[in-house]
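Student: Supplied in structure tokens, the structure appears directly below.
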Amino acid sequence: MTACIIDGKAVAAGIRKDLAKKTTACSHTPVLAVVLVGENEASRIYVRNKKKAAAEVGIRCEVFEFSGSIGENALLSSIQDLNDDPHVDGIIVQLPLPPQINPQKVLSHINPGKDVDGFSPYNVGLLAEREESAVVAATPKGILKLLESTGESLEGKHVVIIGRSNIVGRPTALLLLNHDCTVTVTHSKTVNLSDTVRQADIVVAACGCPKIVKKDWIKPGAIIIDVGINRLEDGSLCGDVDFEEVKETASYITPVPGGVGPMTVAMLLENTLEAAQRHACCHDENCHCGRCGGN
């Protein structure tokens, strides 16, 4: 058996093409505000990529840059200005933040309706409560889309997630529970990790450990979603899964790069467009969305 490759680039391209059509039909040009603090070069690259992708689908991306020495209260005040700006549909804060700033406090300060990263406690709570109105974090949402692209039913599948971060592991567990999977979350303290992973119909590897998942960890025919992206000493990139080994046992597998990464950006743009559509709806006196004061 050799696994079918789940081409995240192709799936993301199809989503962006669809978003471009929907953006054209939107009553106003969606606006995404990106808050960038400090001089982290990786963050700057990520922001440039997001801005380029946004332009391709007709979303205006405005970057608000702040010195790495900015105080927490000053940053919170600037985010409040974006919350109050009627022209801004979505807000993201590029992580990591400088050590003097509490990231959770900052993320909690974003208006939940503009929280297109889906990181605010409010949206995480809605996801936990199975509310359809929850804004789902981009990477978990992208993982779901990739799984759906295989055509395989998710109902009743046993998913093992390696990693319990607030950005990937935990929200992915909630999202897949909401799609009728049986979910096990593992982490660095899990005893006999390989034995647990071997029980999975679907493996989501998101622990940041290069090639930790080997062929003998995988049940024949399992679907593998590799979220990890690690740079090796020779400069090459790899995931948390030993791709060359595991592809001989799995039924479907995502590559690194070219798997989950492109989907994360596509889902961020989708969340921004959906926020813009809600924004337009909630300023219509005939709004019936249930999220605002319209009757």
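Student: Relative contact order, percent, of the chain when contacts are C-alpha pairs under 8 Å separated by at least 6 residues?
Tutor: Reported as a whole number, the value is 21 percent.
Student: Ok, one more. Neighbour counts of other C-beta atoms within 10 Å: give me F66, F119 arranged from fewest to most.
Tutor: In order of increasing Cβ crowding within 10 Å: F66, F119.
Student: With the chain treated as a Gaussian network of Cα nodes joined by springs under 10 Å, which of V136, V246, V47 yields the largest mean-square fluctuation?
Tutor: Most flexible of the set in this elastic network: V47.
Student: Suppose we keep just the DSSP beta bridges with both residues in the chain; what percent of those would be antiparallel, to 5?
Tutor: Close to 5 percent.
Student: Within the chain, which is the longest segment containing none of the GluC sites (Glu not before Pro) that sit in a DSSP loop and have at most 15 other Cβ atoms within 10 Å?
Tutor: Counting at most 15 other Cβ atoms within 10 Å as exposed, the longest clean stretch of the chain is 40-128.
Student: Return the sequence-ordered ³J(HN,Hα) values of region 196-209 in whole Hz as given by the Karplus equation 6.51 cos²θ - 1.76 cosθ + 1.60 applied to θ = phi - 60°, using x for Gly and Pro.
Tutor: Ordered by residue, 3J(HN,Hα) equals 5, 4, 5, 7, 7, 7, 9, 10, 10, 9, 8, 10, x, 10 Hz.
Student: Note down the Stokes-Einstein diffusion coefficient of region 73-128 in µm²/s, whole number, using a Kirkwood radius over alpha carbon pairs, 20 °C, and 1.002 mPa s.
Tutor: In µm²/s, the coefficient rounds to 185.
Student: For the chain, what is the charge dipole size about the Cα centre, in debye to the nearest 20, if Lys and Arg each add +1 at the Cβ and Asp and Glu each add -1 at the Cβ?
Tutor: 260 debye
Student: Can I ask one more? If you wrap region 26-111's Cα atoms in a convex hull and average its projection over all directions, what's the area in nm²?
Tutor: Quarter of the Cα hull surface area: 5.4 nm².
Student: If you average over every viewing direction, what projected area does the convex hull of the Cα atoms of region 194-262 give, in nm²?
Tutor: The orientation-averaged projected area of the Cα hull of region 194-262 comes to 4.2 nm².
Student: While we're looking at this one, here's another question. Can you tell me the FRET efficiency between E245 and S149 if r is taken as the Cβ-Cβ distance and R0 is 22 Å, rounded to the nearest 0.05?
Tutor: For R0 = 22 Å, the calculated efficiency reads 0.40.
Student: A follow-up question, please. So how do H279, H87, H109, H158 line up by other beta-carbon neighbours within 10 Å, fewest first?
Tutor: H87, H158, H109, H279
Student: Follow-up question, since we're still on this one. Just how far, in whole angstrom, is region 153-202 from region 84-142 if you go by their alpha carbon centroids?
Tutor: Each part's Cα centre sits 23 Å from the other's.
Student: Please report the spacing between the Cα centers of region 219-262 and region 1-77 in Å, no decimals.
Tutor: 24 Å
Student: Continuing with the same structure: Cα gyration tensor of region 138-260, axes a ≥ b ≥ c as square roots of the eigenvalues: rounded (a/c below 1.5), prolate (a/b > b/c) or oblate?
Tutor: Note, shape of region 138-260 comes out rounded.
Student: For the chain, modelled as a Gaussian network with Cα springs under 10 Å, which listed residue fluctuates most, A128, A42, A200?
Tutor: Comparing A128, A42, A200 in a Gaussian network model of the chain, the most mobile one is A42.
Student: I want to check the label-to-label distance for Q80 and C4. Put each point 7 Å from Cα in the C-beta direction and report it in nm to one decimal.
Tutor: Between Q80 and C4, the simple spin-label model gives 5.2 nm.
Student: Between (1) 56, 44, 33; (2) 64, 50, 34; (3) 49, 45, 43, which matches Cα extents along the principal axes in Å calculated for the structure shown?
Tutor: Of the listed options (1) 56, 44, 33; (2) 64, 50, 34; (3) 49, 45, 43, (1) comes from this structure.
Student: Okay, moving on. In which sequence would L154, L107 go, from the one with the fewest C-beta neighbours within 10 Å to the one with the most?
Tutor: Going from least to most buried by this count: L154, L107.
Read the figures in this text as sums done on the coordinates, not as results from a lab. The model shown is predicted, which means the values in this text are computed figures rather than measured ones. Ideal geometry is used to build each Cβ from the backbone, glycine not excepted, and the neighbour counts take in all protein chains shown.
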